[in-house]
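Only one structure is covered here, and it is reproduced in the block below.
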Amino acid sequence: MGAIDAFTKTFSIVLANKRLYLLVLAMALILALLSIYLIPSDFEYTYNQTSIQKGNVIVEEYGTPITEDEMDILIEFFKGLMIYLIITIVLSSIVEYGITKGIFTYLNDEDYSLSELLADGLKHFPGVLVINIIYSLIMLVFISVATIPMVVGALFLPAGAVLILIGVVLLFLVLAFTLGLSSMAIPLYADKGTIGAAFEAFGLGFRNVLSTVGFGALLGVAAIGIAIIASPLAFIIQLTLPENLAPYVSAFVQAPLDALLYFFLWAGGVAFYRELQRMEELKKVDEELVGLGIEI
């Protein structure tokens, strides 16, 4: 029930905080503009095949050496990509903290200003950055462990097919759990003000495994749903508009959906954290009542 209640509450938070969505939308539009400016959409590398005859033997060579001009283009491409990724990580960390703080303010029936939220985000973004990096590494470890049955099963086919099936199920459960777990990290940091508090999510998650898996699965399905809506729009734009115009229009049309995805994931983390807090408090009350000899 905790997962469903938190997921339902997420929709309420998103619908009630249009000002916060505008902040995320501004971020998405800035990133869309930067992606067009920094990452060339016409980058291509031609892969050729040549044949050389040596006596009676024909030797085929695949690919051609990269020319100096092509190498310069390749370097510029990766340079632009790296700059874009760095700006994206920093900007999204600033906005994520500000949005999370704004949602807490809303849930406490207090008012907020976007400028104050941005200032808070700018102040705390290094912490958000560190927490997200650590959680990403932890998720990779969990996922790597979950894939072990599939790897072992693949080595012992056909008998290993059962292990592969078990591995697929385990991988889905681990992905759902880690998504639900990591969604609480920044809310804990924003609520308690210390980086160490972000790792209290492990205690909450493991004490409420089923709820964490359920919420992570629901959050993942919602993210996939938003991505599915965005994909056909981009495809239609690529087909109907001129090649030199399509990337620009596609980036700006997808920005509102990208913003919705960001906002939904961040709001979901706060909603789930608050829901588990409520469940933990109810458990404590029940334990106290049992200790007093009162059963409900």
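Values computed for the structure shown
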read-out	value
Residue match in region 110-127 (condition: more than 22 Å from the chain's Cα centre (by Cα) and of a type in the set (A, V, I, L, M))	yes
Check on residue 178, touching a residue at least 40 places away in the same chain (Cβ under 8 Å) and either open to solvent by 70 Å² or more (accessible area, probe 1.4 Å) or within 22 Å of the chain's Cα centre (by Cα) (or both)	yes
Test result for residue 94, open to solvent by less than 60 Å² (accessible area, probe 1.4 Å), part of a helix (DSSP H, G or I), at pLDDT 95 or above and within 26 Å of residue 37 (Cα to Cα)	yes
Index of the failed condition, residue 77 passing every other in (1) of a type outside the set (Val, Ile, Thr); (2) open to solvent by less than 70 Å² (accessible area, probe 1.4 Å); (3) in contact with a helix residue (DSSP H, G or I) (Cβ under 9 Å, 6 or more places away or on another chain)	(3)
Number of the exception - residue 186 against (1) at pLDDT below 95; (2) under 23 Å from residue 258 (Cα atoms)	(1)
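The rows are residues; the columns are (1) in contact (Cβ under 8 Å) with a residue 12 or more places away in the chain; (2) open to solvent by less than 80 Å² (accessible area, probe 1.4 Å); (3) farther than 23 Å from residue 276 by Cβ; (4) not in a loop (DSSP other than H, G, I, E, B).
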residue	(1), (2), (3), (4)
101	yes, yes, no, yes
106	yes, yes, no, yes
124	yes, yes, no, yes
132	yes, yes, no, yes
145	yes, no, yes, yes
153	yes, yes, yes, yes
164	yes, yes, yes, yes
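The values are calculated or read from the model by the stated rules, or taken from the named source; none is laboratory data. Note that the coordinates shown come from a computational prediction; the quantities given were computed from them, not determined experimentally. A quick note on method: Cβ atoms are made from the backbone with ideal geometry, for glycine too, and the neighbour counts reach across all protein chains shown. Protein only, heavy atoms only, side chains kept; ligands, DNA and RNA dropped before computing areas. Shrake-Rupley method; radii C 1.70, N 1.55, O 1.52, S 1.80 Å.
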